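The values are calculated or read from the model by the stated rules, or taken from the named source; none is laboratory data. Fair warning: this is a prediction, and the values are worked out from it, not measured in the lab. A quick note on method: Cβ atoms are made from the backbone with ideal geometry, for glycine too, and the neighbour counts reach across all protein chains shown. Ligands, DNA and RNA are excluded from the accessible area calculation, which covers all protein heavy atoms including side chains. Shrake-Rupley method; radii C 1.70, N 1.55, O 1.52, S 1.80 Å.
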Amino acid sequence: MIDPVSVPASLMSDALASAVGAPEHKNAPVAHPLSGRIMLQIRSNSADAVLGQLDQGRSGLVLSGRGAVKKAAGLRYQGYAGTILVDPAVYEGAYASEDAPFPEVDSDTLAFGDPLGQAVFDQTAARASAVLTPTGYIRAEDSGALKAAVNAVLALDDPRLVLTVPIDVMWLSDETLPQLIRWLSKVPNPKAVILGGQKDPLGRFKQAVPNLCTLMREVPSAGLLRTDLAAFGAMAQGADFTAFGASSSLRHTVPPDEPAERSPFNAKSPHVLFPELMRFFLGSTIASKFAAKPAPVCQCAACGGRPLDAYPDRTNPRTGMASAHNVAVLMEWQRTLSAIEPGPAQALWWKQRCQEALARYDLVNAAIDQPRAFKPDAQLTRWADLDLDG
């Protein structure tokens with residue numbers, strides 16, 4: 001954090017505006033460097049392992065949580081010129097409210113009662129590509145908190161801001177989706193939606209995926225951060241930008257007062273993307289299932305012919321190699337998607353890709369004589385079944 005300890009509280013807003021060069025004009029068109037990018041969301045201590053696989057022209061980094069500001073500043077100092085965002089991830093520890101849509105949660109931060117102003121100061125000083133607002137977790141149907149966050153960004157009128165919208169996935173229900181679209185559409189700035197819920201929020205109810213697509217199509221400059229397959233599905237359906245989580249905890253968020261539900265084996269084995277099945281599995285799971293049969297060989301830029309069962313545990317350098325594999329595959333998918341005309345052609349490509357992945361589960365399981373060895377998740381099925389005419 002950049003410590004403004006010498007700035008009197010009464011002068012904080014003016015000092016922030018001066019320090020970061022806030023624009024003087026009002027209601028200017030919002031131009032931002034995120035459009036068209038599928039970025040990688042990652043903890044700051046893991047960034048170095050994947051930098052070599054990132055396509056700087058099409059992707060970028062979203063650094064999350066503690067140490068993110070310092071890491072962003074360090075990468076800039078080292079000469080990294082790609083897109084960098086800093087996600088304060090306040091929603092991990094606090095709820096938004098009508099009175100405090102941007103709650104103070106870090107006792108080490110001297111925000112002088114202005115967490116949003118402090119976020120602008122810190123992220124701009126670290127030379128982030130844009131400023132993500134430090135929004136708390138917005139409970140389902142908490143319209144007061146949503147409106148307060150929207151109004152605060154409108155009042156600041158700063159085109160560098162990206163309104164972070166960490167919402168419970170139930171905001172995508174048929175009943176509340178129209179309100180969400182209406183309020184987010186009031187903000188000319190980019191909007192970064194983050195979905196909350198245990199495990200796979202988009203697998204929670206049938207309308208979650210189609211309603212997410214509606215949200216991305218109808219809200220100008222809307223994007224989706226901290227997500228999984230939906231980074232590509234949402235982009236194909238009109239999202240302005242997205243970010244794929246490098247680890248399972250960064251592919252969704254959970255309410256601040258709920259522990260994340262995860263496998264007890266997660267800490268012992270890295271997650272490995274099985275490209276043909278379009279799903280992450282523990283490296284130990286892949287190794288055990290292919291114990292009696294040759295594992296598929298991966299030809300991605302990071303593997304170059306290495307079998308997928310090469311990552312059974314977190315011993316170095318295998319964990320870093322698994323991460324590099326995951327990112328290299330995602331970058332291949334992104335390059336393919338970006339080569340297709342935006343609109344119906346991209347949507348059809350993603351739907352067909354998901355359908356082909358679903359069909360491969362039976363083939364892979366038959367090849368290893370284990371009928372239910374690998375199972376698709378609910379979200380993949382919903383992307384494959386998405387009505388493109390709806």
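Here are some notes:
- Looking across the stretch 310-340, just one residue is more than 23 Å from the chain's Cα centre (by Cα) and either under 27 Å from Pro210 (Cβ atoms) or buried (at least 21 other Cβ atoms within 10 Å of the Cβ) (or both), and that is Tyr311.
- Pick from the stretch 206-220, criterion of a type in the set (A, V, I, L, M) and assigned to a helix (DSSP H, G or I), ranking: nearest to Gly343 (Cα to Cα): Met216
- If you go through the stretch 71-88 and pick out every residue that is surrounded by fewer than 21 Cβ atoms within 10 Å (Cβ to Cβ) and either touching a residue at least 60 places away in the same chain (Cβ under 8 Å) or part of a loop (DSSP other than H, G, I, E, B) (or both), you end up with 5.
- Residue list for the stretch 161-183, restricted to those being open to solvent by 10 Å² or more (accessible area, probe 1.4 Å) and under 24 Å from Val62 (Cα atoms): Asp168
- Cβ-Cβ distances below 6 Å connect the following pairs, each with a first residue in the stretch 334-350 that is within 17 Å of Ala230 (Cβ to Cβ), a second residue that is open to solvent by less than 60 Å² (accessible area, probe 1.4 Å) and part of a loop (DSSP other than H, G, I, E, B), and a separation of six or more residues or different chains: Gln346/Ile340; Ala347/Gln237; Trp349/Ile340.
- Within the stretch 341-350, considering residues that are open to solvent by 80 Å² or more (accessible area, probe 1.4 Å) and not in a helix (DSSP H, G or I), the one nearest to Leu386 (Cα to Cα): Pro342
- Members of the stretch 150-169 that are assigned to a loop (DSSP other than H, G, I, E, B), of a type outside the set (Asp, Glu) and touching a helix residue (DSSP H, G or I) at 6+ places or on another chain (Cβ under 8 Å): Arg160
- Flag for Glu141 being assigned to a loop (DSSP other than H, G, I, E, B), at pLDDT 95 or above and open to solvent by 40 Å² or more (accessible area, probe 1.4 Å): no
- Pair list, Cβ < 7 Å and 6+ apart or interchain, from the stretch 373-389 residues that are crowded, with 19+ Cβ neighbours inside 10 Å to residues that are of a type in the set (A, V, I, L, M, F, W, C) and assigned to a loop (DSSP other than H, G, I, E, B): Gln379/Leu229; Leu380/Leu229; Leu380/Met278; Trp383/Leu229
- Checked against the criterion of being modelled with pLDDT under 95 and either open to solvent by 10 Å² or more (accessible area, probe 1.4 Å) or in a loop (DSSP other than H, G, I, E, B) (or both), the candidates Lys147, Lys199, Lys186 yield just one match: Lys199.
- Residue identified as under 30 Å from Val162 (Cα atoms) and hydrophobic (A, V, I, L, M, F, W, C) among Ala246, Ala291: Ala246
- Close pairs from the stretch 225-242: first over 14 Å from Gln41 (Cβ atoms), partner assigned to a loop (DSSP other than H, G, I, E, B), Cβ under 6 Å, at least 6 apart: Asp240/Ser35; Asp240/Ser221
- Among the candidates Asp313, Asp309, the residue that is acidic (Asp, Glu) and under 23 Å from Ala47 (Cα atoms) is uniquely Asp313.
- Subset of the stretch 360-390 [closer than 17 Å to Leu348 by Cα, assigned to a helix (DSSP H, G or I) and not hydroxyl-bearing (Ser, Thr, Tyr)]: Gln379, Leu380, Arg382, Trp383, Ala384
- Of the residues making up the stretch 351-360, not a single one is closer than 29 Å to Lys206 by Cβ, crowded, with 16+ Cβ neighbours inside 10 Å and modelled with pLDDT under 95.
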